[in-house]
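Undergrad: I'd like to ask you about the structure that follows.
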Amino acid sequence: MKVIVRASIRWFWVLILCLIVGYFLGKPVAKLLPPTYLATSTIQLKSSAHGGGLVKSVTAYSSLVTSDAVLGTVLKKYPDLSAATLVGKGLTVVPTTASADLQIEVTLPSAKEAANLANDLANTLVSQQNAEIKAEVAQEIKIISARITTETNTINNLNQQIIKTPTTDTAQINLYNSEIQQQQGLQTSDIKSLQSLQEEQQLNASPLSIVQAATAPSKPSSILGLIPFSPLLALLLFVCGLTAIVLIERRADRINTAYALQQKAKLPVLGSLRWIKSSPLEVPLQSLSASKQPYAEECKVMMADILFHAEHGGAHVLAVTATRPKAGTSSIASQLAALLAQSKRLVLLVDANLHEPVQHKRLGITNDAGLSRMLEDASALKIHGGPGAERFPAALPQQVGSVVDANWESYPTGQVPRVPQPRSHAGIQNSNGQAF
């Protein structure tokens, strides 16, 4: 888990980039797969409207919805829609013979547009067919009325012929009476038809009517409309980025723990220190052994490892060095020296950082004289331990050392007369003659 957290912190910019790309990538995907909304309007056909066969069945009317007379007229108000696309996917007409109604279902990406189109189709169909039926009924009434008038005139003419015919010509009179009866029968039938049409015209002025207008739906009709593409793609790319980071970290074979370093270097690791929120320089050296902070506990673990290896090898001198400046060697050396001194061991801390000495600032001691003077004196005295071999004095000058605490003395760098090569060294020496 710690490895994942560290990798996430190291690659946080990649995760943020994945979230941003996923969010903006979701917008064109949402346009390619837009939500669709279903709006339905219902047209009712009056069951009593069947006079003269002028009113068709609901099945016949359902086929008229997709005709140019209805659909073509309505689509003039919707230039973005085409009849071919709409009839294939977005428009469905469902007739129901039992209830004598038909439903117009329109499916579009816009809920408001779907409702408006369904209502426009229903209104157009109803208005056109009602006007057509009304015109046809009026035309039928006009035709029947004219026929009745013709029949009346024919009957009157036949009566005039009977009057002019001599009474002795009974055969001709009977023929005229027969024609009169025939015309009267036709007239009676036409009068009944006229009365029926007039009654139907009064009762069924509008055979087709809209019983349910379409309203804009609030929820999409498909599952795709319920998917938030932008957050979903952002989350998906975030997971992909996190997975890629884990794979990269595994292939990079980074050293994140002391155990991993020990396995990588095939050498014993004497501990590892994690950085804390406050600088390690702010941890008081006098209370380091009693501190319960994670950093202090890791310092104690490191000291225990050092004591174990020093006891095994009989070591008395510990050198703390680094490959670059400001790596924290002075802080670690002073903290280890404090822990060793607090464990009843005699400790001499030598600051060998001639390039940028900071140990005297950490311990609050003077830096007037120290290791640099000792090196100059040793060079001047040309102390030899054997043929061609130079060595430092066996004991450091006492006058330049400073007592830091019980069992602990510090030997600062002193004033450096010239700028040496940039290195970072600190040395800890155990002065009680035994291994740490």
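Undergrad: Just how large is the dipole of region 115-256 about the Cα centre, in debye to the nearest 20, putting +1 at every Lys and Arg Cβ and -1 at every Asp and Glu Cβ?
TA: With only Lys, Arg, Asp and Glu charged at Cβ, the dipole is about 840 debye.
Undergrad: Quick one: grab the alpha carbon gyration tensor of region 170-229, order the square roots of its eigenvalues as a ≥ b ≥ c, and give me rounded if a/c is under 1.5, else prolate or oblate depending on whether a/b is larger than b/c.
TA: prolate
Undergrad: List Tyr295, Tyr37 from most exposed to least, where exposure is judged by having the fewest other Cβ atoms within 10 Å.
TA: Result, fewest neighbours first: Tyr295, Tyr37.
Undergrad: What pairs from Lys142/Lys192; Lys46/Lys89; Lys300/Lys361; Lys300/Lys344; Lys76/Lys219; Lys46/Lys219 go past 25 Å between their alpha carbons?
TA: Listed pairs above 25 Å: Lys46/Lys89; Lys76/Lys219; Lys46/Lys219.
Undergrad: Could I ask something else about it? Would you please state the base-10 log of I(q)/I(0) at q = 0.10, 0.17, 0.20, 0.21 1/Å for region 51-182, with intensities from the Debye formula using one equal scatterer on every alpha carbon?
TA: -0.53, -0.92, -1.10, -1.16
Undergrad: Ok, one more. Under a Cβ-only charge scheme (Lys and Arg +1, Asp and Glu -1), can you give me the dipole magnitude of region 29-161 about the Cα centre, in debye to the nearest 20?
TA: Dipole of region 29-161, to the nearest 20 debye: 140 debye.
Undergrad: Neighbouring Cβ atoms within 10 Å as the yardstick, rank Thr243, Thr167 fewest first.
TA: Ranking Thr243, Thr167 by Cβ neighbours within 10 Å, fewest first, gives Thr167, Thr243.
Undergrad: Given charges of +1 on the Cβ of Lys and Arg and -1 on the Cβ of Asp and Glu, with all other atoms neutral, how large is the dipole of region 161-219 about its Cα centre, in debye to the nearest 20?
TA: 300 debye
Undergrad: Oh, and also: Hey, fewest Cβ within 10 Å first, where do Cys240, Cys299 land in order?
TA: Cys240, Cys299
Undergrad: Give the residue from Gly241, Asn174, Val211 lying farthest towards the positive end of the charge dipole for region 141-252; charges sit on Cβ (+1 for Lys and Arg, -1 for Asp and Glu) and the dipole is referred to the Cα centre.
TA: The one lying farthest along the dipole's positive direction is Gly241.
Undergrad: Please list the non-local residues whose amide H lies under 5 Å from the amide H of Ser222, H modeled 1.01 Å from N, same-chain partners needing a gap of 5 or more.
TA: Result for Ser222 returns Thr36.
Here, each number is a calculation from the coordinates, and none is a lab measurement. Small disclaimer: the values here were computed from a predicted structure and weren't measured. Note that each Cβ is placed from the backbone with ideal geometry, even for glycine, and that neighbours are counted across all protein chains shown.
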